[in-house]
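For reference, the structure discussed in these notes is given below.
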């Protein structure tokens, strides 16, 4: 790569100034909102959902800064990409604070959390998780295949999958799957979206285990996502689909137990 000219640097600095200012404004608003939550926690759930959305906007600005760097200077802006990844994490964390971070929990364990945001429309919930998934995917694509955070995205996507599932109100889901009830399409899409994400996260954690870490904890996470998927099939009365996932869980657990025994045998006594 050739040396970047001062003209190109000046042009880049001029173009990005307004976007850098916009990032600072978002971060300042976040500090103000968090300070208000600390003083008065009433309604904090809705405020954190707003902050989660704002963090995705922030990540998009960081992505734009990187793309301007590529376009005007011919190099990636690794700091902006790193900040975009961190903003996606923070967005997920805000939602975890609202709806729980537990992958395969009985619905009764987080019912109260969903009651606190019952006024949040189903279509708005779905739009938020769609936006989050698109933003995470965009960050991963801009970083490229061989980026140093490649395997950390398995965890980020897994946590994203979990909050996407936990944002669904399973208590009203079945009744809400009546086409005559407003919001039916959003609920149905959200449900199928969750099923697909749970399967993907299970496969990704299994891949991470097999190709990178060889840590049993990663394999256990993979099984947890499958168990959460089976729980949903059971709730919906989808017996055949649930049986397929159950057989898969049994096969994976057998493999996991065998691997764990081999690891134990290799450890020095």
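Please treat every number below as a calculation from the coordinates, not as lab data. Given the structure is predicted, the values throughout are model-derived calculations rather than measurements. Here Cβ is always computed from backbone atoms with ideal geometry, including for glycine, and neighbour counts include all displayed protein chains.
Yes or no, residue by residue, for (1) free of Cβ contacts under 8 Å to residues at least 24 places away in the same chain; (2) more than 22 Å from residue 31 (Cβ to Cβ):
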{"position": "59", "(1), (2)": "no, no"}
{"position": "63", "(1), (2)": "no, yes"}
{"position": "71", "(1), (2)": "yes, yes"}
{"position": "81", "(1), (2)": "no, yes"}
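Evaluate region 230-243: report whether one residue or more is farther than 21 Å from residue 160 by Cα, in contact (Cβ under 8 Å) with a residue 60 or more places away in the chain and not in a loop (DSSP other than H, G, I, E, B).
yes
Counting only residues that are closer than 20 Å to residue 250 by Cβ and out of contact with any helix residue (DSSP H, G or I) (no Cβ under 8 Å at 6 or more places or on another chain), how many does region 194-216 have? Spell out the reasoning first.
Looking only at region 194-216, we keep the residues that are closer than 20 Å to residue 250 by Cβ, and these are 195, 198-199, 201-203, 205-207, 209-210, 216.
Then drop every residue that is not out of contact with any helix residue (DSSP H, G or I) (no Cβ under 8 Å at 6 or more places or on another chain), which leaves 210.
The qualifying residues number 1.
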